[in-house]
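Peer 1: Take a look at this one; I'll ask things after.
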Number of protein chains: 2
Amino acid sequence: MDGILVSYRLPPLNGLRAFEAAGRHLSFKLAAQELSVTPGAVSQQIKHLEQILGVPLFQRMPRGLTLTGHGEAMLPTISDAFERMSAAADAVARTLPTKALRLGVSPNLTEDPHGLLAKLANTEQSPDYVQITSTDDVANLLSGALDAILRPGPGPYPGMHAELLNLHQAFSPHAQASLVVWPGLAKCREFLKTRSLLGSPG
Amino acid sequence: MDGILVSYRLPPLNGLRAFEAAGRHLSFKLAAQELSVTPGAVSQQIKHLEQILGVPLFQRMPRGLTLTGHGEAMLPTISDAFERMSAAADAVARTLPTKALRLGVSPNLTEDPHGLLAKLANTEQSPDYVQITSTDDVANLLSGALDAILRPGPGPYPGMHAELLNLHQAFSPHAQASLVVWPGLAKCREFLKTRSLLGSPG
DNA sequence: CAGTTGAGTTAGATTTTCTAATCTGCGCGC
DNA sequence: GCGCGCAGATTAGAAAATCTAACTCAACTG
């Protein structure tokens, strides 16, 4: 009958996440891209958060965003808190979700005249520790469906570990490509082996 | 075509919330109580989180819980991050969600022989700044449906601002009651007025 | 002035999350 | 030693949160 339990008040966490991304980009559109949803979803989440808090966080202009004083006051702490959570979770999470590194390769790179992809996928040069999929979509990293992605060009990929490689036997039409992985996987054996199969640091 | 956007990886936030509460209480049941859900929901959320992270966070015994090494490593940082978020949001949130203080009064106190409740609710002594509901349920505070709750007995109400009052014209059968509010509302005008109407510091 | 861009809004679909009921294993008291 | 109670697991189905898709609006662009 006794022992009333309460804890600190917490606004909707997904709304906070949307706020944090939108505040960082100062754009609902970019935030939506980062979160792999539509801008409308971000708009709704943030509107909901603002209703709960009772204060507006953004000043909407027909084109672009500004943080209100409240938003500006809140953003650094929220960003920081998410970063800490992310770091804590990464430190604990199993480094490799499966026994093999699940690698997505950009379709632009699969026009492969030298068969490097095929080698990676099928020959003894590509043992069990790498699984290849033909995809370009960074969302696969975010969702955890893939561990790494190989894409032409240098990036940037803020928040991820990305290495620009000189591909060993050039994938046409690109000589260089970025190998992008979760930061936590940058030192894992499967990643290092795969990297050396693909090329050398550029 | 360019401008790939990624951010830090983040496990399911609601799962983290459940983990944090369960880790603090070392009990799914108490965590569920704190979060105003059933223990089954907590169990599911945490199982999901463990699947995403790829590591177990709790060691389940038929009776009671233990944190695994991973859980123990993660808990302090996660708790800390939630506290920071909560503080940042509280600092920014409007102190009073509506113009009136929405007060819940324990049904145990409504057997009110002296009509103080009625006075509060209906007479000129209770102006527009207080709205009374007959309820006991702390979940109404957590959900934001109410701003304050008056309950017999001393608490404790960890994380909330609670004041033990000697009720002015004793509510039967209790002479003392706790006025429990969100910490952010402890200094607001409507709260102070309502408190003085109810009683004096005990 | 037409075209583009970014944000708001809505209804309906989808997915997530919760509940309620049942099951399991262990400790405790009688 | 043997029910009884307690805490957690599990499930199907219900409920709620969230997302999308389509459209609107306002301002900047050339």
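The values are calculated or read from the model by the stated rules, or taken from the named source; none is laboratory data. Fair warning: this is a prediction, and the values are worked out from it, not measured in the lab. Note: ideal-geometry Cβ built from the backbone for every residue, glycine included; neighbour counts use all protein chains shown. Protein only, heavy atoms only, side chains kept; ligands, DNA and RNA dropped before computing areas. Shrake-Rupley method; radii C 1.70, N 1.55, O 1.52, S 1.80 Å.
Peer 1: Keeping all protein chains in position, work out how much accessible area A:Asp137 exposes to a 1.4 Å probe, and write it in Å² to the nearest 10.
Peer 2: 80 Å²
Peer 1: Any chance you could list the semi-axes, whole Å, largest first, of the equivalent ellipsoid that the Cα gyration tensor gives for the range B:13-92, using √(5λ)? Mind dumping the intermediate values first?
Peer 2: Working: eigenvalues 86, 43, 25 Å².
Values for the range B:13-92, descending: 21, 15, 11 Å.
Peer 1: Now for a separate question. Assume the label is 7 Å from Cα along Cα to beta carbon: what separations in nm does B:Ala41 have to the matching positions in the other copies?
Peer 2: Taking the point 7 Å beyond Cα along Cα→Cβ, the inter-copy spacings are 2.2 nm.
Peer 1: While we're looking at this one, here's another question. What figure, in Å² to the nearest 10, do you get for the accessible area of A:Glu72 with a 1.4 Å probe and non-protein molecules left out?
Peer 2: Taking all protein chains as shown, A:Glu72 has close to 120 Å².
Peer 1: Between copies, how close do the B:Arg24 label points come, placed 7 Å along Cα→Cβ, listed in nm from shortest?
Peer 2: For B:Arg24, the other copies' label points sit at 2.6 nm, shortest first.
Peer 1: I've got another one for you. If DNA, RNA and ligands are ignored and the probe is 1.4 Å, what is the ranking of A:Thr38, A:Thr68 by accessible area, most exposed first?
Peer 2: Most to least solvent-accessible, the answer reads A:Thr38, A:Thr68.
Peer 1: Using a 10 Å cut-off on Cβ to Cβ distances, tally the other chain neighbours for every residue of A:75-81 and report the average as a whole number.
Peer 2: Details: counts 1, 1, 8, 6, 2, 4, 11.
That works out to 5 on average.
Peer 1: Using a label point 7 angstrom from Cα along Cα-to-C-beta, what distances in nm, from shortest up, separate A:Arg63 from the other copies?
Peer 2: 7.0
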